[in-house]
Amino acid sequence: MPNNFAYYLKYRPQALSELIGQETVKQNLLSGFKNNKLSHAYLFVGPRGTGKTSTARILAKMVNCEDQDKAPCNKCSTCISITDGSNLDLIEIDAASNRGIEDIRSLREKIKLAPSSAKKKVYIIDEVHMLTTEAFNALLKTLEEPPAHVIFILATTELGKIPQTILSRVQRLDFKLATPEELLEILTKIVKKEKIDIDEEALKILIKKADGSFRDGVKLLDQISAIGGKITAKSIDENFKSSQFENILNFIQNLKNKNADAGLLDIGKYMENGGDIKELTLSLMDVLRSLILIKNGVGEQLVKHRLTEDKYRKLLRIAENFTNQELILDLNILQGSLEKLKFTSIPSLPLELAVVEICSFTSAVILESDERRTIGSRDSIATPTAPLQNDKIETTDEQIQPQSSIIKDPPSISHPLSSNSDSPDILKIKEKWTFVLETIRPFNFSLEALLRSINVRECTDTSVIMEVPYSFHQRILEAPKNKDLLESILSDILGRSIRISTILGNHPSKVEDIANVELAADDEIIRAAAEIFNSDVN
């Protein structure tokens, strides 16, 4: 590896023997390889930076190495081509950016082809939990009857989002966060090879800041070594005044305060320091997800064990300032920016637009949350609505009336999931509504929450008409991916092909405590984003 490569690339493990920690994973793979009992599909589960992708590449070299007695030998042409990323039979797919059914259908067509030069084609699907329901179903068919020349390695940080049907067809291997001793071992190795002058106390601080991530620990060492001279605890404090976790919390606080200019400056500083936009977006989403889990009473079980006590207490304090609706909206917008990364020539643009979009939703989100809190008959998430930050202004009902709809002058909204005349089909949908919400929840927080306040107005042989209170809801429901997902589920329930359409209903008037009412559909920044990415915002 050239000397000018980043440390995390230069010192990436190239054989199982070089993989520090993860003893259970190493033993499992080594035993399967020696006994010729490797699985056709693996699921690597664990936090980011624990070696999942590195291990997947090592496994790809093991099964394709030209010297099977020493596999991986890291000397043959196959091993070398996998190491440098030029091997055509190792296909790495980022599911966060290639999550649709068409992407998986394309994969299914390509796997039929025999390997170009290696013994087996190895597909590594990173962030696999990001796949849509339809994409998972398409992948399932491939996992059920895989070609003999293919091995799948799925990697995820979110086991709970993987369908049980997928879990039953893969061999699961769990990756753990590094212990301080393991981090010390790998960092000491790099320090000696790079002849870095660093004192023991400074090294301990780096280990603490790495939070159990091998990758983060090596990156931090790389960054601090670039300043030259002796590295001390003082020099680390001067260069890393706040940890990545604290930077993310500060970023999220800027989003909460609707401070778009500060959020954009955060992105600019991150890029100037050589940061990766995808990693920043995933870090933001991970913390926002933790806040949702905390707000809904499962933080102790699902969040606390992954963090230090100090970090968990910080999240508890921040969670008090958010509503569920705000967190759901922010996550949905960030997910959209992640998917658009592969289409843009300016890496930071999708996240920058997402920041502006999140900060422009102040009134729409508060209005929706306030309405749900007020109308007790609605099945909503029971979370107090945060007080408005802006000065109170008096508005009229006309000012808060939605400005666009697909069908004009609809009747007023009645109880959620009810109709003026409940047909057998509507009754069937009502009976299955919990199933609909649970199916959608892992893949789209915003859509699942929205569906708690809609009204099924009419059901025909080919369509279901849904009534929503705001054009904000309407835009989300009419987005192609959301529409396709819901249509697929309703078609299964009713046993025939169903299309959905929406109408806009009258929402309850509430004029007090509403400030700066300006629905996001009319925001010029959102319109600009739609033009750039061809998204269906309106």
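Rule-based calculations on the coordinates, nothing more; no lab input. Nothing here was measured: the structure is a model prediction, and the numbers come from that model. Glycine gets a Cβ as well: all are built from the backbone with ideal geometry, and neighbour counts include every protein chain shown.
Assorted remarks:
- Percent of Cα-Cα distances greater than 30 Å, calculated over the stretch 7-174: 11 percent
- With 0.36 nm allotted per residue and the present C-alpha distance subtracted, the E320-I80 stretch has 81.2 nm of extension available.
- Ranked by the mean number of other Cβ atoms within 10 Å per residue, highest first, peptides 322-331, 478-487, 160-169 order as 322-331, 478-487, 160-169.
- Distance between the stretch 43-98 and the stretch 182-207 - C-alpha centres, whole angstrom: 27 Å
- Charging the Cβ of each Asp and Glu at -1 and of each Lys and Arg at +1, and nothing else, the dipole of the stretch 59-154 about its Cα centre rounds to 260 debye.
- Spin-label model distance (nm) - K34 vs L113, 7 Å beyond Cα toward Cβ: 3.7 nm
- Gain in span if fully extended, E144 to V298, counting 0.36 nm per residue against the direct Cα distance: 52.0 nm
- Over the stretch 229-354, the fraction of Cα-Cα pairs per 10 Å bin, rounded to whole percents and listed from the shortest bin up, is 11, 41, 33, 13, 2.
- Which listed pairs, of K219/K311; K278/K481; K192/K311; K75/K204; K61/K481, have C-alpha distances above 28 Å, in listed order: K192/K311; K75/K204; K61/K481
- Spin-label pair N250/T165, simplified geometry with 7 Å Cα→Cβ offset, distance in nm: 4.6 nm
- Among D84, D425, the order by Cβ neighbours within 10 angstrom, fewest to most, reads D84, D425.
- Reducing the stretch 110-173 and the stretch 279-299 to their Cα centroids gives an inter-centroid distance of 26 Å.
- Ratio Rg/Rh [Cα only; Rh per Kirkwood] for the stretch 284-365: 1.04
- The stretch between E272 and R306, if pulled fully straight at 0.36 nm per residue, gains 9.3 nm over its current Cα-Cα span.
- Cα-based shape type of the stretch 169-296, given that a ≥ b ≥ c are square roots of the gyration tensor eigenvalues and the cut on a/c is 1.5: oblate
- The mean of 1/r over all distinct Cα pairs in the stretch 180-239, once inverted, gives the Kirkwood hydrodynamic radius of 11.1 Å.
- Residues of type lysines that K430 reaches as a straight line, Cα spacing below 19 Å, ignoring anything fewer than 8 places off in the same chain: K483
- The label point for E431 and the one for T460, both projected 7 Å from the Cα toward the Cβ, are 2.5 nm apart.
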